[in-house]
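Asks: The structure is given below, and queries will be raised subsequently.
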Amino acid sequence: MSDEAPLLQVRDLRTHFGTGDCAVRAVNGVDLSIGRGEVLGIVGESGCGKTVLALSILRLVDAPGRIVSGQVLFDGQDVLAMRSRALTALRGRDIAMIFQQPKASLDPVMRIGHQIAEPLRLRGGRSRTDAWREAVELLGAVGIPNPEEKARAYPHEISGGQAQRVMIATALALRPRLLIADEPTTALDVTVQAQILELLRERCRALGTALILVTHDIGVIAQMADRVAVMYAGRVVENAPVGQILGDPAHPYTRGLMRSAPVMGAVQKRLQEIPGGIPDLTRPLRGCAFAPRCDGRREAGPARCDGQTPPPFMPSPGREARCWLQGSAPAAQPAPPGWS
Ligand SMILES: Nc1ncnc2c1ncn2[C@@H]1O[C@H](COP(=O)(O)OP(=O)(O)O)[C@@H](O)[C@H]1O
Ligand SMILES: [Mg+2]
């Protein structure tokens, strides 16, 4: 592939739980891409499909979940068509993932040094001694004090923050080209969160690893991301460089998220919850999923907001928002195939 091609492209991806009328449409037509070394933030309220999207990219969704259509291209390779051997190689080497609960991801009866050394040995071809030595180095690189001693510890002997450092060391040991981090700091103490995020950014940058950072916290996005995809009800409703999103959000949902987020370091403003809740994902979407909660619905035209799914409008180059407020000539802009 040429260097200009995105590292990862997701096209019209749909992942449902169950079938027929009761299917939960957790991911309902997602398009996004991420460039080499880029940090893409995926943000949205709880239940909007972020985790299912992250798992779908690696085909890790368990039954009754099922990818029903779409494409995932990693460096031009069709992930959804891969045989199990290629998929195992992809997961072990090219794309790594870390989760919200670091301790749940660690093997409780294995020394942490071994947890880092094992993939180095099995998939990285290192000898036992080299793998252990490298594991100790990696523990040092992720800020674990006395790494030689800590490498012999078991997961219950370290803190949650240290466990997440270990997960980061493990995930990045084989220098993957993409790391997917799903709410990596949500379970940690507030004081530790910023340090872990900084570590993630620094390590990914040092290795040239692209990062998809999934979070419900737009403050985390502000600190970390180059580009942001805002998810609502299984779809990406706005996708733009972080400066544009924070400075001038185009989608009413993005504005709502920002009004409901505490701003670090600023005098605490009154936070405004977005009224209402996310829609029932078992109901087929007609119109814009956010319309029932939207303060721009009247302005954009209720008949249109309730009746037609907005296609991706481009308020400015490099930026997309699926909102009728952005569409000056909606009749001339038919929805792309698959949008209904
Ligand atoms: N195993 C499952 N079975 C049925 N529904 C599920 C399952 N996992 C997730 N979902 C549903 O998919 C939707 C998206 O969930 P999720 O991706 O976990 O949201 P987020 O990570 O944004 O909080 C939710 O409505 C959730 O209830
Ligand atoms: Mg989640």
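Asks: What is the magnitude of the charge dipole of the stretch 1-151 about its Cα centre, with +1 placed on the Cβ of each Lys and Arg, -1 on the Cβ of each Asp and Glu, and no other charges, expressed in debye to the nearest 20?
Replies: Charge dipole of the stretch 1-151: 500 debye, to the nearest 20.
Asks: Classify the stretch 65-163 as rounded, prolate or oblate from the Cα gyration tensor: take a ≥ b ≥ c as the square roots of its eigenvalues, call it rounded if a/c is under 1.5, otherwise prolate when a/b beats b/c and oblate if not.
Replies: prolate
Asks: Using a 1.4 angstrom probe and counting only protein chains, how large is the accessible area of residue 216 in Å², to 10?
Replies: 90
Asks: In addition: With a/c under 1.5 counting as rounded, go ahead and sort the stretch 152-217 into rounded, prolate or oblate using the C-alpha gyration tensor (a ≥ b ≥ c being the square roots of the eigenvalues; past the cut-off, prolate if a/b is larger than b/c, else oblate).
Replies: Judged from the Cα gyration tensor, the stretch 152-217 comes out oblate (a/c at least 1.5, b/c at or above a/b).
Asks: If you take the beta carbon distance between residue 101 and residue 11 as r and set R0 to 22 Å, what does 1/(1 + (r/R0)^6) give as a FRET efficiency, to the nearest 0.05?
Replies: That gives a FRET efficiency of 0.10.
Asks: Something else now. Can you divide the C-alpha Rg of the stretch 172-284 by 2.2 N^0.38 Å and report the result to two decimal places?
Replies: Expressed relative to 2.2 N^0.38 Å, the Cα Rg reads 1.16.
Asks: Nearest 0.05, what FRET efficiency do residue 201 and residue 62 give at R0 = 25 Å with Cβ-Cβ as r?
Replies: Here the calculated transfer efficiency is 0.25.
Asks: On average, how much accessible surface per residue is there in the stretch 90-220, in Å², for a 1.4 Å probe, leaving out ligands, DNA and RNA?
Replies: 45
Asks: For residue 61, what is the net charge nearby, where nearby means another residue's Cβ is under 14 Å from its Cβ and Lys, Arg count +1, Asp, Glu -1?
Replies: Counting the neighbours of residue 61, the net charge comes to +4.
Asks: Under a GNM of the chain (C-alpha, springs under 10 Å), which listed residue has the highest mean-square fluctuation: 230, 136, 43?
Replies: The residue with the greatest mean-square fluctuation here is 136.
Asks: Rounded to the nearest 500, what is the chain's calculated 222 nm mean residue ellipticity when only DSSP H runs of at least 4 contribute -39500 (n - 2.57) each, over all residues?
Replies: Computed ellipticity for the chain at 222 nm equals -9000 deg cm²/dmol.
Asks: Any idea what log10 I(q)/I(0) is at q = 0.09, 0.11 Å⁻¹ for the chain, Debye with uniform C-alpha scatterers and no solvent?
Replies: -0.51, -0.75
Asks: May I pose another question? How would you classify the stretch 1-117 from its alpha-carbon gyration tensor, with a ≥ b ≥ c the square roots of the eigenvalues: rounded for a/c under 1.5, else prolate if a/b is greater than b/c, otherwise oblate?
Replies: It is oblate, given that a/c is not under 1.5 and a/b is not larger than b/c.
The values are calculated or read from the model by the stated rules, or taken from the named source; none is laboratory data. This structure is a prediction, so every number in the text was calculated from the model and none was measured. With ideal geometry, Cβ positions are generated from the backbone for all residues, glycine too; neighbour counts draw on all protein chains shown. These accessible areas exclude ligands, DNA and RNA; they are computed on the full protein's heavy atoms, side chains included. Shrake-Rupley method; radii C 1.70, N 1.55, O 1.52, S 1.80 Å.
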